[in-house]
Amino acid sequence: MRQTLDFLLFDWLRAGDLTMRERFAEHSAETFAAVLDTCERIAREKFAPFNRLADTEEPRFDGERVHLPQSTHEATQAYAESGMLAAAQDYDVGGMQLPCVIEMAGNAFFSKASVAMGGYAMLTSGNANLIMAHGTPLQREVFARNEFAGRWFGTMCLSEPQAGSSLSDVATRAELEDEADPLGPRYRLMGHKMWISAGEHEITENIVHLVLAKIPGPDGRPVPGTKGISLFIVPKKLVDERAELTGERNDVVLAGLNHKLGYRGTTNCLLNFGEGRFTPLGRKGAVGYLVGRPGDGLRCMFHMMNEARIGVGLGAVMLGYAGYEASLEYAKQRPQGRPMTAAGKDAASPQRPIIEHADVRRMLLAQKSYVEGGLALELYCARLVDELHTGDDAAGAQALLDVLIPIAKSWPSEWCLEANSLAIQVLGGYGYTRDFPVEQYWRDQRLNMIHEGTHGIQALDLLGRKVVQQGGASLAALAARVQQTIERAIHTDWAPQANQLAAALAQVGGATKKAWSTGEPEEALANATPYLQAFGHTVLAWLWLDVALSVQGEGDFAQGKRAAARYFFAYELPRIDAWLAVVARREPLCREIRAEWL
């Protein structure tokens with residue numbers, strides 16, 4: 001994996017060029033490599049050996065406290081000590097001012113080694129980054145800096161039992177108590193939050209919850225819709241202006257743990273806010289400090305969505321990668337079957353490794369095309385984040401990110417899950433036993449199709465907003481980038497694939513117009529998910545062609561990349577015909593079928 005990662009970073013994306021920018025001027029190719037070396041070593045020593053343990057000894061709640069394996073404490077401590085929690089932050093707050101693309105590449109090792117144990121750090125970094133962007137100077141100093149230091153960890157509290165992904169139906173209330181509190185306007189929160197990863201543990205001395213809640217309007221009722229949602233810092237234990245614990249427990253408690261298919265090493269919690277079990281400052285109600293302005297909760301929360309969705313997509317890629325490597329190694333060693341000749345099989349001949357069978361090679365090559373293509377996608381998007389923050393064309397980077405982020409989150413979640421399924425298939429009966437790791441990778445992976453917005457939500461976002469916003473400007477920006485790659489490839493041996501990609505791009509554009517030709521959202525969006533799938537495959541075909549053009553030499557590494565690219569064009573890109581057909585004709589079946597028929 002490391003050779004592929006280095007190739008994508010430095011030969012394809014030219015991440016080393018970022019050191020010429022002022023923000024990254026103190027870095028070099030050597031410091032970037034040192035970061036990757038450190039992450040790889042910690043992941044190998046502290047995370048990977050305990051991935052199965054975190055799965056089998058999942059978090060346990062005894063009614064008072066949550067118990068986790070000691071290895072989880074040690075792994076997360078090692079991560080914090082590496083400085084990666086503040087990797088992209090300014091030097092003056094303890095950060096390393098790393099580019100996003102290097103930060104993501106470093107975190108790839110932890111996702112591959114143990115995605116569940118790495119979840120605590122990912123959430124903490126996202127939480128602290130948000131506070132740095134939208135919090136007051138004191139909120140940054142008290143909460144964010146202590147999270148970056150690893151003293152406290154953080155969460156994101158969005159979903160509720162009755163609302164799920166429908167955030168407009170959030171019912172948690174926040175009532176103003178003290179406008180002049182130094183830590184920010186102080187509110188009392190009452191409500192319930194569900195599916196809160198890392199919501200309760202004793203890894204760190206405190207947990208900083210970022211909570212979405214509604215402030216009642218003048219009539220005392222919550223403001224309907226998402227415009228009424230505000231964002232609050234709710235620490236598990238109260239702190240003062242010097243970031244010292246006051247000794248009081250906040251009125252936020254664990255009601256229970258959710259027991260999941262995968263990601264078992266990360267606590268997943270139902271939290272109750274303001275039920276009165278604790279009475280901070282002499283009364284019930286969870287103490288929370290407003291972040292930003294009232295009603296700005298979703299805007300603040302979505303500030304971090306680019307990086308968060310890239311992070312989820314990257315985690316999906318690395319689970320697929322782990323399964324691919326495990327099944328590849330198995331296929332090289334497992335003897336079974338004999339060569340087929342015109343005269344049939346010679347039972348007296350020795351068995352051959354299963355990697356010599358064409359169908360096993362098909363499954364391995366499919367995995368390779370999914371996971372290495374997915375890694376290219378995530379790193380490309382992370383590189384765009386760097387362009388957004390430090391480049392000369394922020395508007396162009398934002399336009400591309402708008403259409404690529406739904407793909408960055410959803411495509412690996414679906415197709416690297418398929419890679420994990422194929423890994424199980426390569427191992428045969430052994431694949432679904434716990435004696436081998438591939439079944440755990442599949443279980444962990446299955447959660448990523450739901451994390452950070454389901455497939456359907458990403459599809460609605462893509463077809464319903466991103467490709468039509470500003471007169472289709474984002475789609476046009478992507479098409480221009482794809483066309484540049486096509487023009488580079490058309491006079492090379494990759495000309496057939498370039499022409500195939502050009503036809504696919506035209507198909508996507510035509511289906512987009514036909515989907516919206518009546519102007520009826522219900523008609524256009526009924527087939528948004530097939531559109532997302534076709535769009536994603538077209539994007540991955542483009543990236544594979546672009547990567548293939550950067551490959552040099554005739555060695556095994558180069559030939560492997562070319563084979564994966566050819567596979568994607570031969571076996572995967574043709575799938576878009578069926579997906580786009582239902583989009584273009586606005587197939588009415590799914591929206592017209594009666595519930596009684598199901």
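The values are calculated or read from the model by the stated rules, or taken from the named source; none is laboratory data. This is a predicted model, so every value here is computed, not measured. Here the Cβ positions follow ideal geometry from the backbone for every residue, glycine too, while neighbour counts run over all protein chains shown. Remember, those area values only see protein heavy atoms, side chains included, never the ligands or the DNA or RNA. Shrake-Rupley method; radii C 1.70, N 1.55, O 1.52, S 1.80 Å.
Quick one: helix 70-81 against the long Cα principal axis of the chain, what's the angle to the nearest 10°, folded into 0 to 90?
Value to nearest ten degrees: 90.
Please give the Cα centre distance for the stretch 467-533 versus the stretch 238-294, rounded to the nearest Å.
Their Cα centres are 46 Å away from one another.
Give the long-range amide H neighbours of Lys237: residues separated by 5 or more places, or on another chain, with amide H under 5 Å away, using H modelled in the peptide plane at 1.01 Å from N.
Ile207, Asn250
So how strong a dipole does the stretch 130-253 carry about its Cα centre when Lys and Arg Cβ are +1 and Asp and Glu Cβ are -1, to the nearest 20 debye?
Using only the charged Cβ atoms, the result is roughly 320 debye.
So how much slack lies between Glu522 and Ala570, counting 0.36 nm per residue of separation and subtracting their Cα-Cα distance, in nm? Please report the intermediate quantities before stating the final value.
Working: separation 48, 0.36 × 48 = 17.28 nm, distance 3.39 nm.
Full extension of this stretch gives 13.9 nm more.
Accessible area of the chain with a 1.4 Å probe: how many percent of it is carbon plus sulfur?
Answer for the chain is 51 percent, counting heavy atoms of protein chains only.
Here are a few candidate values for semi-axes √(5λ) of the Cα gyration tensor in Å: (i) 41, 29, 25; (ii) 34, 28, 27; (iii) 54, 32, 27. Which one was actually calculated from the structure I just gave you?
(i)
Place the peptides 239-248, 417-426 in order of packing, highest mean first, counting for every residue the other Cβ atoms within 10 Å and averaging per peptide.
Per-residue mean Cβ counts within 10 Å order the peptides as 417-426, 239-248.
Enter the accessible area per residue of the chain (Å², integer; probe 1.4 Å; all protein chains in place).
Values: 24480 Å² over 598 residues.
I get 41 Å² per residue for the chain.
Quick one: ranking Cys590, Cys416 by accessible area, 1.4 Å probe, largest first, what do you get?
Largest to smallest exposure gives the sequence Cys590, Cys416.
For a test of the definition: using alpha carbon positions, the gyration tensor, and the 1.5 limit on a/c, classify the stretch 86-186 as rounded, prolate or oblate.
It is oblate, given that a/c is not under 1.5 and a/b is not larger than b/c.
Roughly what angle does helix 473-489 make with the longest principal axis of the chain, taking Cα atoms, 0 to 90 degrees, to the nearest 10?
Tilt of helix 473-489: around 30 degrees.
Structure shown: which of Lys46/Lys236; Lys409/Lys561; Lys332/Lys409 lie over 30 Å apart, alpha-carbon to alpha-carbon?
Among Lys46/Lys236; Lys409/Lys561; Lys332/Lys409, the Cα-Cα distance tops 30 Å for Lys332/Lys409.
Just to verify a number: what accessible area does Phe47 come out at with the full protein assembly present, 1.4 Å probe, Å² rounded to tens?
Answer for Phe47: close to 0 Å² accessible.
Tell me which lysines have Cα within less than 24 Å of Lys237's Cα, excluding those fewer than 8 residues away on the same chain?
Lys193, Lys214, Lys284
So which GluC sites (Glu not before Pro) in the stretch 119-209 are both in a DSSP loop and have at most 11 other Cβ atoms within 10 Å of their Cβ?
The qualifying sites are Glu179, Glu202.
List, in order, the whole-Hz ³J(HN,Hα) value for each residue of the stretch 86-99 obtained from phi through the Karplus relation with A = 6.51, B = -1.76, C = 1.60 and θ = phi - 60°; use x for Gly and Pro.
With the stated coefficients, the stretch 86-99 comes to 10, 3, 9, 7, 4, 4, 6, 10, x, x, 10, 6, 7, x Hz.
Using only Cα atoms, find the angle between the long axis of helix 495-515 and the longest principal axis of the chain, and express it within 0 to 90 degrees, rounded to the nearest 10.
Taking Cα atoms only, the helix is inclined about 50 degrees.
Can you tell me the FRET efficiency between His259 and Glu26 if r is taken as the Cβ-Cβ distance and R0 is 45 Å, rounded to the nearest 0.05?
0.45
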